[in-house]
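Below: the structure, in structure tokens.
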Amino acid sequence: MTSLTQIVAFGGVVMLGAMSPGPDFAVVVRRSALSGRGHGMAAAAGISLGVFVWVVAAATGVAALLAASAVAFTVVKVVGAAYLLYLGAKALRAAVKGGGGLALDTPATGGRGPWAAFAEGLLTNVLNPKAALFFVALVPQFLSAGASLADTLLLSLIALAGTVLWFLTVANVVSALRRAFAQPAVRRTLDGLTGAALVALGVNLATAARP
């Protein structure tokens with residue numbers, strides 16, 4: 001049985017990992033700023049589900065197989081990098097194209113609803129092999145080889161809860177400032193910054209070597 005100390009320690013490490021700047025953070029910030037609290041929270045939920053998936057995969061050995069297989073690691077890496085580059089290119093295109101200010105009650109997603117934001121968050125996390133490596137290194141320190149399904153699910157839910165708590169906080173803080181982001185110049189700057197960040201993260205992922 002996982003102890004309370006292990007639970008607290010695991011939750012703390014997962015929270016620190018979630019708080020590290022990366023593609024997940026960029027996606028939630030952009031969605032919250034340009035499309036509102038609901039879209040930011042949906043992206044946060046997608047990312048958190050991705051974390052849940054990775055913890056389960058690490059506990060069952062699936063993530064370790066991914067990390068150990070050069071072909072599998074490369075496939076996930078290339079697909080993930082391509083997806084980040086796609087998101088970055090979209091943001092940069094929006095920065096160049098402009099399009100005026102946002103009505104505060106109108107999502108800036110071309111008619112797509114929160115489900116699109118949820119899928120964006122989920123794919124950004126699940127298609128990141130670095131997340132697999134993080135949990136492959138982390139989970140065995142808190143689960144023994146003969147850990148029960150209940151312990152695995154407990155740690156997975158803790159990881160989900162910690163991640164969603166952090167990103168829901170980010171989504172709410174950023175969306176509270178949405179009036180400022182509605183200004184055309186600010187919106188284009190945000191698009192440019194997040195687009196450049198996502199492109200840089202995509203390039204970094206594409207060039208990452210398997211440990």
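The values are calculated or read from the model by the stated rules, or taken from the named source; none is laboratory data. Nothing here was measured: the structure is a model prediction, and the numbers come from that model. Heads up, the Cβs are rebuilt from the backbone with ideal geometry, glycines too, and the neighbour counts pull from every protein chain shown. Calculation scope for accessible area: heavy atoms of the full protein, side chains included, ligands and nucleic acids excluded. Shrake-Rupley method; radii C 1.70, N 1.55, O 1.52, S 1.80 Å.
With every protein chain kept in place and ligands, DNA and RNA left out, what is the accessible area per residue of the chain? Probe 1.4 Å, answer in Å². Don't skip to the end; give the middle numbers.
Values: 9930 Å² over 211 residues.
Using a 1.4 Å probe on heavy atoms only, each residue of the chain averages 47 Å².
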Discussion item. Ranking request for peptides 62-70, 177-185, 17-25: highest mean number of other beta-carbon atoms within 10 Å first, then the rest in descending order.
Written reply: 17-25, 62-70, 177-185
Item to complete: Mind pulling the angle between the C-alpha long axis of helix 37-60 and the longest principal axis of the chain? Nearest 10 degrees, somewhere in 0 to 90.
Response: 20
Worksheet entry | Nearest 10 degrees, 0 to 90: helix 184-206 Cα axis against the chain principal axis | 30
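For every helix of n ≥ 4 consecutive DSSP H residues, a contribution of -39,500 (n - 2.57) applies; sum these over the chain, divide by its total residues, and give [θ] at 222 nm rounded to the nearest 500 deg cm²/dmol. Intermediate values should be presented prior to the final figure.
On the way: 10 runs with 166 residues, N = 211.
Estimated from H runs of four or more residues: -26500 deg cm²/dmol.
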Response to the item:
Site Ala9, offset 7 angstrom along Cα→Cβ, radius 14 Å on amide nitrogen, limited to region 53-94, gives none
Item to complete: Report the FRET efficiency, 1/(1 + (r/R0)^6), for Ala70 and Val203, where r is their Cβ-Cβ distance and R0 is 22 Å, rounded to 0.05.
Response: 0.60
Item to complete: Any chance you could give the angle, 0 to 90 degrees and rounded to 10, that helix 129-138 forms with the longest Cα principal axis of the chain?
Response: 40
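If we sort 119-129, 188-198 on the protection proxy, mean other Cβ atoms within 10 Å, highest first, what's the order? Each step should come with its number before you reach the end.
Numbers: 119-129: 22.5, 188-198: 19.5.
Answer by packing, highest mean first, reads 119-129, 188-198.
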Worksheet item: Which distance in nm do the two modelled labels at Ala185 and Ala161 give, with both placed 7 Å along the Cα-to-Cβ direction?
Response: 4.6
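Considering only protein heavy atoms, with the full assembly of protein chains and a 1.4 angstrom probe, order Leu85, Leu34, Leu157, Leu149 by accessible area, largest first. Spell out each step's value before the answer.
On the way: Leu85 65, Leu34 5, Leu157 100, Leu149 125 Å².
Result, largest first: Leu149, Leu157, Leu85, Leu34.
For the chain, what relative contact order do you get, as a whole percent, if you take Cα pairs closer than 8 Å and at least 6 residues apart? Don't jump to the answer; show the numbers that get you there.
Numbers: 314 pairs, mean separation 94.9, N = 211.
Taking the mean separation of contacting Cα pairs over the length of the chain, I get 45 percent.
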Worksheet item: Tally Lys and Arg at +1 and Asp and Glu at -1 over the other residues with C-beta under 10 Å from the C-beta of Lys97: what net charge comes out?
Response: +1
